[in-house]
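K.L.:
Please read through the structure below; I'll follow up with questions.
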Amino acid sequence: MGKKVLIAGALTALGFVICYPVIYLISGSFMGNGELGEGLSPILKNGGGFVAWHVIPLFPTLKNFVELLLDSPEFFVMFWNSVKITAGVLAGQLILGAPAAWGFAKYRFPGRKLLFGLYVLLMILPFQVMMLSQYLVLDELHLLNTHLGIILPAVFSTFPVFIMVRFFDGVPDQILESAKIDGAGAFQIFWSIGLPLGAGGIISALVLSFLEYWNLVEQPLTFLKDPALWPLSLYLPNIDLNDAGIAFTSSVVTLIPAVLVFFCGQEYLEQGIVASAVKE
Amino acid sequence: MKQMEQKSRKRSLREKSVRWLAGFFLVMLLLTLLSRAADAVTVPVVQTGYLKKSTIDRTVTAEGRIVQNQERAVSTVAGLRVGSVPVREGQPVAAGDVLFELDAEDLSEKIRQAEQEYRKLELALKDLESGKDLTEQERNKAKQRADEDYANTSVRTGREVEDAERAMTKAKEDLENFLAGDSDAPAEDPVLTGLENTCQEKQDALDQAEQEQKDLEQEIQAAVAADPPQEAEIRRSYEAKLAEAAERVKTCEQEKEQADNALESYLAQKDAKNEEDRGAMEESLRAAYEEKKKAYETALQNRKDSLENASRNVEDANAPTKEDSSGETARMDLENKKRELDQLKALEEQAGKIVSPADGLISKVNVTTGDFTGEGTAVLMADLTEGGRFQAAISKAQEKYLSRGDTISLKQNGAEALELPIDTIQQDTENPNSYVVTVQVPAGTLEIGTVAVMTAVRQSETYTACVPLSAIHREDGQDYVLAIQETKTVLGTELTAERIPVTILDKNESLAALSPGALTEDQKLITGSNKEVNGGDRVRLEDT
């Protein structure tokens with residue numbers, strides 16, 4: 001019993017430490033500008049001392065939420081931009097990545113290992129390395145300053161393919177063979193057998209992609225000049241003391257869909273981790 | 001079992017999350033619409049315009065009335081009773097219309113009175129004139145007498161003076177004669193003659209002696225010359241003769257001197273005696289002369305005095321008499337009375353009717369039935385034949401834009417507008433901030449007494465950059481306009497108001513001219529808005 005409590009206690013403490021930024025964020029979003037100013041002045045205004053914070057705000061107010069949600073149409077424009085980009089990316093990845101993964105998983109073709117190795121390599125490369133070449137290519141394709149300029153490179157991202165390959169690997173070959181015997185075509189096999197059985201992987205890949213592209217910063221910053229196209233992650237590039245309240249609030253609002261989506265796909269993610277662990 | 005539970009819990013969590021996610025997006029959609037609506041409400045809606053080339057016109061409008069240019073005053077002899085007044089103020093009359101009528105009885109009574117007075121004056125004048133004649137006659141007589149006296153005095157005293165003068169002259173002559181005659185009187189005086197002869201003899205003797213001496217000298221010389229070596233001897237021989245000659249000369253000189261002295265003393269004696277005699281004579285003559293001279297002077301003075309008196313009398317007699325203008329005055333009175341009488345008689349001939357001299361409009365009637373006419377105007381009327389003038393009051397600010405000679409447009413309800421030049425602009429004496437504009441209206445166009453509106457437009461030079469006045473704002477002493485600027489924001493292409501400072505060159509009530517260079521021709525300027533717009537605000541264009 002004591003052990004359980006100890007473990008629970010340790011885990012809670014650890015959890016708290018990990019969750020603290022989020023708690024900080026949520027409490028800050030309910031604070032008025034004065035209190036925020038006080039708390040943040042050491043950082044943002046070169047005041048003396050350390051940042052002091054009250055977990056529960058002294059003077060809670062909904063002013064920031066009202067200001068953000070009712071008085072700032074720009075926020076919503078950017079919100080829907082984020083939604084558009086993310087949805088586009090997910091759709092694209094679903095349409096293109098799933099078959100690619102299925103192909104990698106179930107088909108043996110010459111150069112497969114090499115190609116897969118290339119995929120892994122590309123997965124590792126950070127964006128900054130590819131930024132310049134990507135810029136030039138997009139410029140040639142006249143895709144700069146458009147959402148497609150962000151969606152298309154993301155659609156062909158290799159990371160979801162990689163994850164889905166692992167899942168598709170878990171689909172037993174016997175089923176495929178029996179389906180083939182029954183006369184199913186390749187596409188039919190993929191559509192009717194591969195997708196349902198690999199749904200977990202697909203969804204987990206999509207969830208991870210969502211989390212990645214919901215918070216995408218570098219590509220929009222680089223490729224989107226028109227402020228009307230910016231996603232939510234670029235809402236407040238500069239935080240100063242006047243906008244601290246808005247920054248907190250917008251962060252909280254941005255956080256909510258991510259959290260909800262994660263909750264949706266949590267099961268599948270767990271499944272995925274389990275699946276990758278268990279090899280048939 | 002536990003797994004199932006877990007699974008079901010997870011599933012419900014998933015489903016809940018999905019529901020929540022859907023709900024979240026729905027809420028976000030709603031809030032999007034709400035925030036856009038709220039934003040739209042707060043964004044000002046503006047009307048815009050561009051710079052244009054225009055003149056700044058100043059329009060001065062004023063309402064005024066037409067007044068007559070000329071007034072006629074109709075009056076008549078004062079003190080007459082008025083019988084009837086058929087006209088009233090504001091009534092138009094034609095030339096020849098009866099303005100008012102005088103009471104006939106009163107008029108004839110007045111005429112009779114006037115005639116009597118005239119008669120009286122005539123008689124008074126005659127008396128005056130006869131009086132004047134008498135005075136004149138007396139004066140002439142006095143003058144004549146004075147002149148005669150003067151002439152007589154002149155003659156009498158002239159003679160006296162002449163006599164005195166003659167006496168004086170004679171006395172003077174005697175004196176002078178006496179003084180002059182003495183010089184050639186020396187009667188034959190034998191003593192003197194004798195002495196003079198002696199002097200002469202002695203003189204001759206002297207001359208002789210001298211001559212002999214000289215001859216002797218010459219002789220010696222000659223002898224010497226003839227025989228020079230014997231000079232000393234010769235001289236010795238002549239020595240005695242020389243001494244003798246010299247002795248003789250000396251004697252002669254002495255004798256002469258004596259004779260001269262005797263003559264001199266005798267003369268002196270004689271002179272002294274003469275002097276005495278002469279002195280006495282001279283004195284008596286001189287005294288006589290002085291006396292005569294004094295008598296003459298007295299006579300002169302007497303004459304002078306008498307003449308002066310007489311001439312003074314003449315002067316007095318001729319002196320101008322005091323101006324007597326009573327005659328003149330009486331004559332004038334008579335003339336006036338005659339005129340008055342004539343006037344009254346003329347009125348009688350007209351049957352006491354006073355008519356209008358010309359077409360016009362009655363402005364004022366000063367006579368009432370039954371009352372007497374006064375000294376001043378009986379009826380005042382506006383003379384329509386001279387036309388009228390339009391008068392309007394304008395403010396000091398408006399006066400700046402008008403000047404004499406400018407053409408204005410005068411409009412009356414129901415009539416066409418007339419283009420007329422401004423006659424005068426004068427400061428109103430009662431109100432220094434107000435000016436009166438006068439415009440001559442030609443006869444027959446607008447009626448006197450009516451109201452009209454004048455409009456004057458003054459054009460300035462053409463300015464290339466003109467904006468409506470509503471586009472100009474002022475802050476901290478600086479004028480500025482708001483131009484539309486397109487900016488790319490998160491919400492798309494947005495319009496913001498940009499504040500551009502400008503300088504106003506000229507302006508009127510609706511337009512302002514700006515100095516060029518601050519704005520370009522294609523810049524949209526905010527001319528009006530439904531809300532206050534500051535620099536940097538987002539704006540929305542009005543849907544046209």
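K.L.:
For the range B:100-112, name all the residues that are part of a helix (DSSP H, G or I), out of contact with any helix residue (DSSP H, G or I) (no Cβ under 9 Å at 6 or more places or on another chain) and open to solvent by 50 Å² or more (accessible area, probe 1.4 Å).
P.N.:
The answer is B:GLU105, B:GLU109, B:ARG112.
K.L.:
Is it the case, given these coordinates, that B:THR157 is open to solvent by less than 80 Å² (accessible area, probe 1.4 Å) and farther than 30 Å from B:GLY352 by Cα?
P.N.:
Yes.
K.L.:
Right, something else. Residue by residue through the range B:212-236, note down the ones that are of a type in the set (D, E, K, R), more than 17 Å from B:GLU247 (Cβ to Cβ) and open to solvent by 70 Å² or more (accessible area, probe 1.4 Å). First the steps, then the outcome.
P.N.:
Initial filter on the range B:212-236 (of a type in the set (D, E, K, R)): B:212, B:214-215, B:217, B:219, B:227, B:231, B:233, B:235-236.
With more than 17 Å from B:GLU247 (Cβ to Cβ) added as a condition, the list becomes B:219, B:227, B:231, B:233, B:235-236.
Result: B:GLU219, B:GLU231, B:GLU233, B:ARG235, B:ARG236.
K.L.:
Looking at the range A:1-39, which of its residues are outside any helix (DSSP H, G or I) and over 29 Å from the mean Cα position of the chain (by Cα)?
P.N.:
Listed by number, the residues that qualify are A:MET1, A:GLY32.
K.L.:
Can you pull out the residues in the range A:52-66 that are surrounded by fewer than 15 Cβ atoms within 10 Å (Cβ to Cβ) and within 14 Å of chain B (Cβ to nearest Cβ)?
P.N.:
A:LEU62, A:VAL66
K.L.:
Also, quick follow-up: Given A:PHE109, A:PHE104, which one is over 19 Å from the mean Cα position of the chain (by Cα), surrounded by 19 or more Cβ atoms within 10 Å (Cβ to Cβ) and more than 14 Å from every other protein chain (Cβ to nearest Cβ)?
P.N.:
Checking each option against the conditions leaves just A:PHE104.
K.L.:
Tally the residues that are buried (at least 20 other Cβ atoms within 10 Å of the Cβ) and more than 8 Å from chain B (Cβ to nearest Cβ), restricting the search to the range A:211-234.
P.N.:
11
K.L.:
Something else: Spot the failing condition for B:ARG303; the list is (1) of a type in the set (D, E, K, R); (2) surrounded by fewer than 12 Cβ atoms within 10 Å (Cβ to Cβ); (3) modelled with pLDDT of 85 or more, and only one is missed.
P.N.:
It is condition (2) that B:ARG303 fails.
K.L.:
Residue by residue through the range B:273-289, note down the ones that are open to solvent by less than 70 Å² (accessible area, probe 1.4 Å) and acidic (Asp, Glu).
P.N.:
Selection gives B:GLU282 alone.
K.L.:
Name the single residue that is nearest to the other protein chains (Cβ to nearest Cβ) among those in the range B:13-26 being open to solvent by 80 Å² or more (accessible area, probe 1.4 Å) and modelled with pLDDT of 85 or more.
P.N.:
Applying the filter and picking the extreme gives B:TRP20.
K.L.:
Let me ask you something else. Kindly provide the set of residues from the range A:140-199 that are among the small types (Gly, Ala, Ser), assigned to a helix (DSSP H, G or I) and open to solvent by 50 Å² or more (accessible area, probe 1.4 Å), ordered by number.
P.N.:
A:SER178, A:ALA186, A:SER192
K.L.:
Continuing with this model, one more query. Inspect the range B:82-99 for any residue being small (Gly, Ala, Ser), open to solvent by 50 Å² or more (accessible area, probe 1.4 Å) and modelled with pLDDT of 85 or more and give the result as yes or no.
P.N.:
Within the range B:82-99 (the criterion being small (Gly, Ala, Ser), open to solvent by 50 Å² or more (accessible area, probe 1.4 Å) and modelled with pLDDT of 85 or more), the answer is no, since none of the residues qualifies.
K.L.:
Do the conditions hold for A:PHE76, that is, is it surrounded by 17 or more Cβ atoms within 10 Å (Cβ to Cβ), within 14 Å of another protein chain (Cβ to nearest Cβ) and of a type outside the set (Ser, Thr, Tyr)?
P.N.:
Yes.
Residue-wise test of (1) under 28 Å from B:THR489 (Cβ atoms); (2) of a type in the set (Val, Ile, Thr); (3) part of a helix (DSSP H, G or I).
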residue	(1), (2), (3)
A:TRP80	yes, no, yes
A:VAL83	yes, yes, yes
A:THR86	yes, yes, yes
A:ILE95	no, yes, yes
A:PRO110	no, no, no
A:SER133	no, no, yes
A:LEU138	yes, no, yes
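K.L.:
Tell me the strands (runs of 3 or more DSSP E) entirely within the range B:332-415 that contain at least 3 residues that are crowded, with 19+ Cβ neighbours inside 10 Å.
P.N.:
B:360-365, B:379-395
K.L.:
Kindly provide the set of residues from the range B:489-542 that are of a type in the set (Lys, Arg) and under 60 Å from the mean Cα position of the chain (by Cα), ordered by number.
P.N.:
B:LYS507
K.L.:
Could you tell me which of the residues B:THR55, B:THR48, B:THR42, B:THR32 is over 30 Å from B:ALA443 (Cβ atoms) and open to solvent by 80 Å² or more (accessible area, probe 1.4 Å)?
P.N.:
Numbers: B:THR55 fails: open to solvent by 80 Å² or more (accessible area, probe 1.4 Å); B:THR48 fails: open to solvent by 80 Å² or more (accessible area, probe 1.4 Å); B:THR32 fails: open to solvent by 80 Å² or more (accessible area, probe 1.4 Å).
Answer to the selection: B:THR42.
K.L.:
Separate question: Among all residue pairs at least 6 apart or on different chains, which show Cβ distances below 8 Å where the first residue, located in the range B:174-196, is closer than 26 Å to B:ALA288 by Cβ and the second is at pLDDT 60 or above and of a type in the set (Asp, Glu)?
P.N.:
Partner pairs satisfying both residue conditions: B:LEU175/B:GLU282; B:PHE178/B:GLU282; B:LEU179/B:GLU282.
K.L.:
Let me ask another. Got a sec? Which of A:SER192, A:SER209 is farther than 30 Å from A:ASP71 by Cβ, among the hydroxyl-bearing types (Ser, Thr, Tyr) and at pLDDT 90 or above? Walk me through how you get there before you give the answer.
P.N.:
Numbers: A:SER192 fails: at pLDDT 90 or above.
The conditions single out A:SER209.
K.L.:
If A:ALA205 satisfies all but one of (1) within 14 Å of another protein chain (Cβ to nearest Cβ); (2) surrounded by 15 or more Cβ atoms within 10 Å (Cβ to Cβ), what's the number of the condition it fails?
P.N.:
Answer for A:ALA205: the failing condition is (1).
K.L.:
Also, I was wondering about something else. Could you tell me which of the residues B:THR298, B:THR321 is part of a helix (DSSP H, G or I), touching a residue at least 40 places away in the same chain (Cβ under 8 Å), polar (S, T, N, Q) and closer than 30 Å to B:ASN152 by Cβ?
P.N.:
B:THR298
K.L.:
Taking A:THR86 as meeting all but one of (1) touching a residue at least 24 places away in the same chain (Cβ under 8 Å); (2) within 14 Å of chain B (Cβ to nearest Cβ); (3) open to solvent by 30 Å² or more (accessible area, probe 1.4 Å), write down the number of the exception.
P.N.:
Among (1) touching a residue at least 24 places away in the same chain (Cβ under 8 Å); (2) within 14 Å of chain B (Cβ to nearest Cβ); (3) open to solvent by 30 Å² or more (accessible area, probe 1.4 Å), A:THR86 violates only (3).
K.L.:
Starting from the range B:35-63, keep only residues that are within 14 Å of chain A (Cβ to nearest Cβ), then list their pairs with residues that are surrounded by 14 or more Cβ atoms within 10 Å (Cβ to Cβ) and of a type in the set (D, E, K, R) whose Cβ atoms are within a distance under 6 Å, requiring at least 6 positions of separation or different chains.
P.N.:
Correct list of pairs: B:VAL43/B:ARG538; B:VAL43/B:ARG540.
The values are calculated or read from the model by the stated rules, or taken from the named source; none is laboratory data. Remember, predicted model here, so these are calculated numbers, not experimental data. Neighbour counts are summed over all protein chains in view; Cβ atoms, including those assigned to glycine, are modelled from backbone coordinates with ideal geometry. Heavy atoms of the whole protein, side chains included, go into the accessibility calculation; ligands, DNA and RNA do not. Shrake-Rupley method; radii C 1.70, N 1.55, O 1.52, S 1.80 Å.
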